[in-house]
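Novice: Have a look at this one.
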Amino acid sequence: MRHHAVAATLLTATLLVTGCTAENSAENTAKTATETTATTTQEDTTRLLTDIDGTDVRVPKQVTRLADTWDVNNQFVLMLGGGDTLVATTEEAKRLPWLTKIYPHVTELPTPASGTRLNVEELKEINPEMLLTSSKEQVEAAQAQGIPAARVDFDDFEQLMKSVRITANALGTEEADQKATEYVTYMERNLKMVADRLGGMPGEKKPKVLHVVGGEDVTKVNGPDSLVGEWIAATGARNVIEEVVDVTTVTPQDIVDAAPDFIIVGGTEAQLGVDKLVQDPALANVPAVKQGNVVKNPVGTSNWGRYSAEEALQLLWAAKLFHPEKFEDIDLVAETQQFYSTFYGYELSTEDAQRILDGEGPAA
């Protein structure tokens, strides 16, 4: 009897173990299936985007609600056919006359950021599917709230074109991808054309250039470690600022000592700077002032000379300014009209294009 009792006990234990194993196996199978389904669903509805820092960010396959808190990049979004996706912008973007002329809707958008600070509560109310920004602090703040965020930024031609590609990838449309490719092709064409025509030019034939950041403060100028420095070098000129910086300050005596052949003033208030410089008696004998070569940098949907998709046009403008004899065939008005038609779908009049080249806003 004892033998039968032991056997019965072992049988019961075996059945219990078998049952538990089967139950655990079923639970594990169900869990694995759930995880697989979740992963499959995520892969079906999202994709990885690599930002300017090389960081991978998972974003929706096609973004329909995009917050962009770098004013310059709003221009890229518009250029790539994503204007209708923008749900947040910056105050700076709203102050760009040609951007608001071409894309008036930007003036109606909320502005949840200021500098590097991001109002996360306001951003959550806006409910974007992702954020594009040049600020690392804003990326971290948005991601902490579960909002996908990627960084775009540039200080040279290569990074500019890369940021255009990243923005196209963020939008996730075939149109954006095609426009990005078309833009990069145009930029590379202009870079090559300028380089081919100016190749081998001796240093003494390269004019000396001073680029003033904006008309409000003519002591603030751009050094060679900047996009400004890059296009000055690319267009056969020499930056009179030798200090390896992005922005630095100068005195009137510094300008006299540097003796620039050209002084270019950037920004929407460039005329203020031009007036200050040409009316300053201390600068009367500076070559740029004596020869009438204190000029305003073109300004379109963004400032051509600093951060802009229109940097592709800046190359042609600067090359023709410095070396007119080598670029007589370049019609800057026609190039500007064609650029706006191709990339913004906007037809500029001849007067409009000339105003942009002259650093003027739209006619009243």
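Novice: Quick one: what Rg and Dmax do you get for the chain from the alpha carbons, in Å?
Specialist: Gyration radius and largest Cα-Cα distance of the chain: 28.7, 123 Å.
Novice: Which FRET efficiency value, to the nearest 0.05, is calculated for Thr185 and Glu351 with the Förster distance at 22 angstrom and r the Cβ-Cβ distance? Could the numbers behind the result be given before it?
Specialist: Details: r = 29 Å, r/R0 = 1.31.
Efficiency at R0 = 22 Å is approximately 0.15.
Novice: Mind jotting down the three principal axis lengths of segment 260-325 based on Cα atoms? Whole angstrom, largest first.
Specialist: 37, 30, 12
Novice: Shifting gears a bit: Can you pull the one-decimal nm distance between simple spin-label points at Val333 and Gln178, each 7 Å off the Cα toward Cβ?
Specialist: A separation of 3.1 nm, rounded to one decimal place.
Novice: Springs between alpha-carbon pairs under 10 angstrom, Gaussian network model over the chain: which of Val77, Val256, Val274 fluctuates most?
Specialist: Looking only at Val77, Val256, Val274, the biggest GNM fluctuation is shown by Val256.
Novice: How much of the pair distance distribution for segment 232-298 lies past 18 Å, counting alpha-carbon pairs only, in percent? Don't skip to the answer; put the middle values down first.
Specialist: Numbers: 821 of 2211 pairs.
Percentage above 18 Å: 37.
Novice: Please list, ordered by chain and number, the residues whose modelled amide H lies under 5 Å from the amide H of Thr50; skip anything fewer than 5 residues away on the same chain.
Specialist: Those qualifying (amide H under 5 Å, at least 5 residues apart or on another chain) are Val57.
Novice: On full extension of the chain, what length is gained from Val278 through Leu48, given 0.36 nm per residue of separation minus the C-alpha to C-alpha distance? Please report the intermediate quantities before stating the final value.
Specialist: Details: separation 230, 0.36 × 230 = 82.80 nm, distance 5.24 nm.
Length gained between Val278 and Leu48: 77.6 nm.
Novice: Anyone know which of Gln279, Gln271, Gln75 comes out most mobile in the 10 Å Cα GNM of the chain?
Specialist: Sorting by GNM fluctuation, first place goes to Gln279.
Novice: Can you tell me the convex hull volume per residue for segment 47-174, based on C-alpha atoms, in Å³ to the nearest whole number? Please list the in-between numbers first.
Specialist: On the way: hull volume 12.4 nm³, N = 128.
Spread over its residues, the Cα hull of segment 47-174 gives 97 Å³ apiece.
Novice: Around Asp56, what is the net charge, scoring Lys/Arg as +1 and Asp/Glu as -1 over all other residues with Cβ under 13 Å from its Cβ? The partial results should precede the final answer.
Specialist: Working: positive: Arg47, Arg58, Arg151; negative: Asp51, Asp53.
Residues close to Asp56 contribute a combined charge of +1.
Novice: Could you work out the local net charge near Val139, counting Lys and Arg as +1, Asp and Glu as -1, over the other residues with Cβ closer than 12 Å to its Cβ?
Specialist: Values: positive: Lys136, Arg151; negative: Asp51, Asp53, Glu137, Glu140, Asp153.
Result for the local shell: -3.
Novice: Here's another thing I want to ask about it. Arrange the following residues from fewest to most other Cβ atoms within 10 Å of their Cβ: Lys320, Lys61, Lys136.
Specialist: Fewest-to-most ranking of Lys320, Lys61, Lys136: Lys61, Lys136, Lys320.
Novice: Related question: In whole angstrom, and with the biggest value first, how far do the Cα coordinates of segment 200-357 range along each principal axis?
Specialist: Computed over the Cα atoms, the extents are 46, 37, 28 Å.
Novice: Take His105, project a point 7 Å from its Cα along the Cβ direction, then tell me which residues of segment 125-142 have their backbone nitrogen under 18 Å from it.
Specialist: 126-132
Novice: Helix-only mean residue ellipticity at 222 nm, the chain, DSSP H runs n ≥ 4 weighted -39,500 (n - 2.57), per residue, nearest 500. What is it?
Specialist: Details: 15 runs with 180 residues, N = 364.
Using -39500 (n - 2.57) per qualifying helix, the result is -15500 deg cm²/dmol.
Novice: Here's another thing I want to ask about it. Given Cα pairs under 8 Å that are at least 6 residues apart, what percent is the relative contact order of segment 257-364? Kindly include the intermediate steps, with their values, before the conclusion.
Specialist: Values: 130 pairs, mean separation 27.4, N = 108.
About 25 percent, as a whole number.
Novice: To the nearest 20 debye, what is the magnitude of the charge dipole of segment 200-357 about its Cα centre, counting +1 on the Cβ of each Lys and Arg and -1 on the Cβ of each Asp and Glu? Display every interim value, and only then the final one.
Specialist: Details: 12 positive and 24 negative charges, 59 e Å.
Rounded to the nearest 20 debye, it is 280 debye.
Novice: If you average the sequence gap of Cα pairs under 8 Å that are 6 or more apart and divide by the length of segment 86-201, what percent do you get for the contact order?
Specialist: The normalised contact order for segment 86-201 reaches 14 percent.
Novice: Now a separate question. To the nearest 20 debye, what charge dipole does the chain have about its Cα centre, counting +1 at the Cβ of each Lys and Arg and -1 at the Cβ of each Asp and Glu?
Specialist: 560
Novice: Counting other beta carbons within 10 Å of each Cβ, put Glu311, Glu328, Glu269 in order, fewest first.
Specialist: Working: Glu311 24, Glu328 9, Glu269 16.
Going from least to most buried by this count: Glu328, Glu269, Glu311.
Novice: A further question follows. Considering Cα pairs under 8 angstrom that are at least six residues apart, work out the relative contact order of the chain and quote it in whole percent. Spell out each step's value before the answer.
Specialist: Numbers: 602 pairs, mean separation 50.0, N = 364.
Worked out over the chain, it gives 14 percent.
Novice: Shifting gears a bit: At what distance in nm do the modelled label points of Ser341 and Glu158 sit from each other, each positioned 7 Å from its Cα along Cα→Cβ?
Specialist: 3.5
Novice: How much FRET efficiency would the formula 1/(1 + (r/R0)^6) give for Glu325 and Glu137, where r is the Cβ-Cβ distance and R0 is 56 Å, rounded to 0.05?
Specialist: Values: r = 48 Å, r/R0 = 0.86.
Calculated transfer efficiency: 0.70.
Novice: Over the alpha-carbon set of segment 122-265, work out the extent along each principal axis and list the three values in angstrom, largest first.
Specialist: So the extents along the principal axes, rounded to whole Å, are 54, 36, 22.
Novice: I've got another one for you. Identify the residues of segment 267-305 with backbone N under 19 Å of a label point that sits 7 angstrom from the Cα of Thr251 along the Cα-to-Cβ direction, or state none.
Specialist: Only 277, 280-286 fall inside the zone, counting backbone N under 19 Å.
Rule-based calculations on the coordinates, nothing more; no lab input. This one's a predicted model, so the numbers in the text were calculated from it and none came from an experiment. In this analysis, Cβ positions are derived from the backbone assuming ideal geometry, glycine residues included, and neighbour counts consider all displayed protein chains.
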